[in-house]
1. Which numbered condition in (1) acidic (Asp, Glu); (2) within 31 Å of the chain's Cα centre (by Cα); (3) open to solvent by less than 60 Å² (accessible area, probe 1.4 Å) is the only one that Glu37 fails?
2. So, in region 553-565, of the ones that are more than 25 Å from Gly485 (Cβ to Cβ) and crowded, with 20+ Cβ neighbours inside 10 Å, which residue ends up nearest to the chain's Cα centre (by Cα)?
3. Can you report the number of residues in region 632-657 which are without any contact (Cβ under 8 Å) to a residue 24 or more places away in the chain and either open to solvent by less than 50 Å² (accessible area, probe 1.4 Å) or part of a strand (DSSP E or B) (or both)?
4. So which residues in region 12-34 are open to solvent by 10 Å² or more (accessible area, probe 1.4 Å) and either free of Cβ contacts under 8 Å to residues at least 40 places away in the same chain or assigned to a loop (DSSP other than H, G, I, E, B) (or both)?
5. Being within 18 Å of Met108 (Cβ to Cβ) and among the hydrophobic types (A, V, I, L, M, F, W, C) is the filter; apply it to region 330-349 and report the residue that is surrounded by the fewest Cβ atoms within 10 Å (Cβ to Cβ).
6. Does Phe529 qualify as being on the phi > 0 side of the Ramachandran plot, touching a strand residue (DSSP E or B) at 6+ places or on another chain (Cβ under 7 Å) and in contact (Cβ under 8 Å) with a residue 12 or more places away in the chain?
7. Output yes when any residue across region 478-496 is in a loop (DSSP other than H, G, I, E, B), open to solvent by less than 30 Å² (accessible area, probe 1.4 Å), closer than 30 Å to Val301 by Cα and in contact with an Asp or Glu (Cβ under 7 Å, 6 or more places away or on another chain), and no when none is.
8. What are the residues in region 507-530 that are open to solvent by 70 Å² or more (accessible area, probe 1.4 Å), over 25 Å from Leu359 (Cα atoms) and either modelled with pLDDT under 95 or assigned to a loop (DSSP other than H, G, I, E, B) (or both), if any?
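The values are calculated or read from the model by the stated rules, or taken from the named source; none is laboratory data. Note that the coordinates shown come from a computational prediction; the quantities given were computed from them, not determined experimentally. Note that each Cβ is placed from the backbone with ideal geometry, even for glycine, and that neighbours are counted across all protein chains shown. Side chains included, ligands, DNA and RNA excluded: accessible areas come from the protein's heavy atoms. Shrake-Rupley method; radii C 1.70, N 1.55, O 1.52, S 1.80 Å.
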Amino acid sequence: MNKRPTGEILFSVALVSDTHVNEKEDFSASPYPANGEANPRARYVFQQINKGSTQFCIHLGDMVNPVPELPSYIHAADNFHKLAAELTIPLHLMPGNHDIGDKPVTWMPAGMVNSEHISLYRKHFGSDYFSLNHENCHFVIINSPLINSGDPAEKEQADWLEADLASNAEKRIFLFSHYPVYVSDPLEPESYDNIDEPGRNWLLGLISQYKPEALFSAHVHNFWYDLIGETEYYIVPSTCFVRHDYSEMYRIDGGSQQGRNDGAKLGHVTLEIYEHGHVAHYHRSYAECSTEGGPSAPPVVLRPHVKTTDISNIFVDMRHAWTEELNVAPSGAVDEFRRKKARNDYPVMALWEMGLRGLRVPLQDLMDAATKRRMEIMCRVGHKFHIYRYGIPTESEIETIKQHSSIITELELVLGWETIDEQVAEIQLLKDETHLPIVLSRVNRNDASKTSGGKYNHLISHGFTLAEIPEITSFILKNPSLFDGVQFTIPRSVNPWEAGRELQAFKNRTNCKPALYVKSTEASPAERFNDEISNAIRFGEAVLSGIGFDIDIILDTFDDADRGYFTRTGLIDRRFNPRIAGQLISEIVRQLNDGSWKAADSASPEVVDDKGNIIKIGTISDISKDAEWYDPKTGLSGGASSISKVSSALVVIKSRQ
């Protein structure tokens with residue numbers, strides 16, 4: 001079932017989690033400085049929520065940091081209510097382990113949930129499980145630490161939940177649990193971060209039976225997304241700190257406070273409820289703080305989302321694994337006696353907020369069962385997969401392609417050009433068998449140069465050059481139904497806007513859609529391209545070229561290539577946090593997603609719609625008197641008179657013809 005929403009937005013809900021408010025401002029019993037900023041970080045997020053249009057807010061637990069057995073718990077609860085009083089919308093609370101006691105975890109010293117803790121929670125925060133209705137939607141809040149506890153309240157909650165779901169089965173149900181039912185695999189063993197058996201199977205059974213539209217969990221202070229049957233399953237970030245044992249997922253140093261203060265992974269969620277379906281927008285807070293009585297936080301930065309983006313001809317080459325499962329080492333903190341397996345879903349989060357639907361991936365991704373499942377899930381939210389292979393696929397690969405053709409947008413064949421005529425019949429047979437659009441690319445030509453700047457070049461090139469347009473045009477016209485697309489590649493020295501203009505003419509001549517692979521590098525593998533502003537301009541102009549000339553664009557770098565050959569910065573860094581390039585593309589997609597755009601009659605990269613609006617990228621010096629600017633980092637906008645508010649090196653500029 002397609003997970004892209006349809007109809008109008010009915011209403012929206014703010015989701016906040018793991019604020020870990022302390023008993024004092026700018027103080028925490030935790031040894032990490034990030035925890036000491038819990039209160040001002042929560043205040044910042046609450047102020048951002050106030051500037052939105054959500055109808056109410058749900059807190060997914062761990063309102064406070066001190067656990068129930070500590071005297072400071074009461075003071076922290078009071079502080080939380082003081083902070084939350086700033087909210088101008090209703091707030092609904094759900095217990096986390098810091099609020100009501102841990103789930104049964106025999107290896108942890110913290111106190112487990114019990115009747116005394118439940119009473120304390122109810123005194124300071126209200127009901128620990130309940131439901132509420134808004135329009136035709138039913139929101140269900142549970143006390144997940146109770147599950148498997150054996151406390152008498154566990155059965156009381158279980159009976160209530162089963163009855164509540166049964167009596168509201170005709171409504172759209174949204175379920176909330178502080179503890180994740182699992183993190184990345186429903187068969188994963190028990191850890192500090194999930195619900196153990198038999199409670200896990202019981203809860204999954206209810207989800208299978210009543211099919212809630214979504215399940216939202218917290219506790220792990222990181223992002224994950226999955227499908228449980230038809231139920232979309234989210235694990236949402238904290239406002240306060242990152243669970244840095246999961247920093248093992250990144251091939252880079254831990255960062256600030258050993259990864260705990262990775263501010264780009266902090267924030268909150270706006271859940272938009274459509275007539276059919278929903279969208280969960282993640283808002284990064286970057287660990288920003290609001291002091292008591294100080295300036296108010298700015299509104300959230302508006303970002304597109306893959307679920308609602310219509311632009312589908314921009315692809316990213318996913319060179320690094322994008323759905324990788326890694327071993328998280330025993331940390332000596334919350335888990336010590338076995339490794340945890342966890343899938344890194346931050347590439348998905350980054351793609352979503354850039355509105356980038358297209359992924360170029362090798363055929364091996366389709367052949368791997370776990371990755372194939374993720375591809376199936378991502379297709380349902382709107383992603384498209386351009387799959388490539390060197391040479392003709394094997395018989396077993398062809399069978400897999402045929403079985404899963406619904407998740408393949410197009411199949412790129414990288415072939416030797418010198419033997420292309422000998423492969424025509426085989427290619428036609430492949431096309432007839434798979435019924436897929438076939439894109440032709442070529443690997444190194446025998447007559448190609450093997451030197452670069454006087455140095456020997458023993459490296460691979462793929463894709464046709466612009467100089468080969470006459471040759472490939474002749475071949476396509478001789479074989480008009482063989483290929484649906486042709487892939488061209490340009491090095492950094494070639495402007496993607498001018499290349500797009502040439503390839504638009506090629507498309508008009510051949511009726512064959514070109515794909516332009518835009519490289520960030522030149523011929524030498526030792527040359528570094530780490531100027532992220534220059535790289536962002538190139539990425540941005542490539543996207544404008546794709547939209548303006550209606551050709552497919554493939555960007556060569558998603559996350560940084562910071563080691564090995566051809567090093568350069570990408571759309572995101574190696575912690576999968578946005579660079580200016582990613583933020584710029586996010587704003588370009590947001591601006592161009594509505595309307596019909598084409599290349600402007602200009603030598604510079606500009607697109608124009610049927611209303612005369614022109615979009616380009618530039619610096620503050622490019623903002624004309626009557627133009628509007630949009631800062632891709634802060635989300636602020638204005639005119640020429642307010643350029644002092646621009647904080648990014650690059651902006652998106654809108655003007656009129």
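1. Every condition holds for Glu37 apart from (3).
2. Asp559
3. Selection size over region 632-657: 5.
4. Selection gives Glu23, Glu25, Asp26, Phe27, Ser28, Ala29, Ser30, Pro31, Tyr32.
5. Ranking the candidates gives Phe337 first.
6. no
7. No.
8. Ala526, Glu527
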